[in-house]
Amino acid sequence: MNSDHDIHGVHDTQGVHGVHANRAIDAETAERAVEILESPQGTYSSLAETDSAIAPLEHVLSATPDGPLRTTILSNLGLIRMARFQLTSARTDLDSAIACLREALASREPYGSHPALSATIPNLISALHTRAEFTGEWDDLDEAIAWGREAVVRLPPELPQRAAALASLSSALRIRYERSRYAGDLTEAIDLGRQAAADLPPDHPRLGPALSNLGGALMASGLVEEAVLTYERALGRFRAAEDRGGTARTLNNLAGALTQARRFVEALVAYEEALEEFRAIGDVRGEERVTHNLAVARARLPELVFKLDETPVPPEPEPEPAPAPDAGHGA
């Protein structure tokens, strides 16, 4: 798993300072919990960091009744548990994250009125999607799709969290299409992916992955030229965010799309750049995949240049991971 994965908490100042008023919570624990809940994002690159955040939040949660504060605590606990899973690859961490996010969504408040709830919907979709791919228990993917459909109905159109949920839903539908080959899933994945990309703010952390997943769906539908343009947009977002893993994966996928578009020299350049990025981040599996693709492309280049009526063999794609959780922001 990606050990330097950034997890963004749900920032919601409603009721946070009520932690101090609860006599069941000691002052030091209360102060630490408030610090976590007031921070709009946290970066957890070690188990010590995740565990030092989980312990006070769980202590405060046990003494917090139903209400906005409990919902916010559960949402952040779910995200930090996801961060821990990225470090451990332990099923128990992933299960705990999903349990927290599900409990947060059991609130009876309207999703659009509570920032923790509106952010938690796309985050639960992402967590379920991750578990489906991690375990092969595909019922989780169906549940993720069901939550995505609910988000479309219940989240206000102007919220970036709704667009993030659309992107997560599109990704889940594309993955299900790859298993079932039901054309309706692919058509819907493309439609929702286009809508999400149009609605997400230009600097939103999910825009790069959303565009990359849309590119995969477009390639599966044979819309190669649009896929190339989409991968190029995704590449720009990953580079702007200095996300080298996303950059490497997208370069490999862009090279595959360029090959299908018969832009062979450009494809070779993209493969070589992808190889450099995978080597730079120490991703051996990605490096092996691109090395294979690059060797095939180099071997076939003269043949393909002179036999333009022949369809190139599709290269091995680099799948975009299940969408990572991101932040919701309180008023």
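The values are calculated or read from the model by the stated rules, or taken from the named source; none is laboratory data. Values in this document were obtained by computation on a predicted structure and should not be read as measured data. Positions of Cβ are generated from backbone atoms using ideal geometry, with glycine treated the same way; all protein chains shown enter the neighbour counts.
Here is a check on your reading of the model: is Leu69 at pLDDT 85 or above, among the hydrophobic types (A, V, I, L, M, F, W, C) and surrounded by 21 or more Cβ atoms within 10 Å (Cβ to Cβ)? No, not satisfied. Of all positions in segment 54-62, none carries a residue that is modelled with pLDDT of 85 or more, part of a helix (DSSP H, G or I), closer than 15 Å to Ile125 by Cα and not assigned by TED's automatic domain parsing to the domain that holds Thr130. Summed over segment 230-276, residues that are closer than 20 Å to Thr291 by Cβ and of a type in the set (Asp, Glu) total 4. Restricting segment 73-100 to residues that are of a type in the set (Gly, Ala, Ser) and part of a helix (DSSP H, G or I), the residue that is surrounded by the fewest Cβ atoms within 10 Å (Cβ to Cβ) is Ala99. Those helices (runs of 4 or more DSSP H) of segment 228-329 in which at least 2 residues are modelled with pLDDT of 90 or more and small (Gly, Ala, Ser), considering only elements entirely within it, cover 244-260, 264-281. For Glu226, are the conditions met, namely being closer than 26 Å to Leu258 by Cβ, without any contact (Cβ under 8 Å) to a residue 12 or more places away in the chain and crowded, with 16+ Cβ neighbours inside 10 Å? Answer is yes for this residue.
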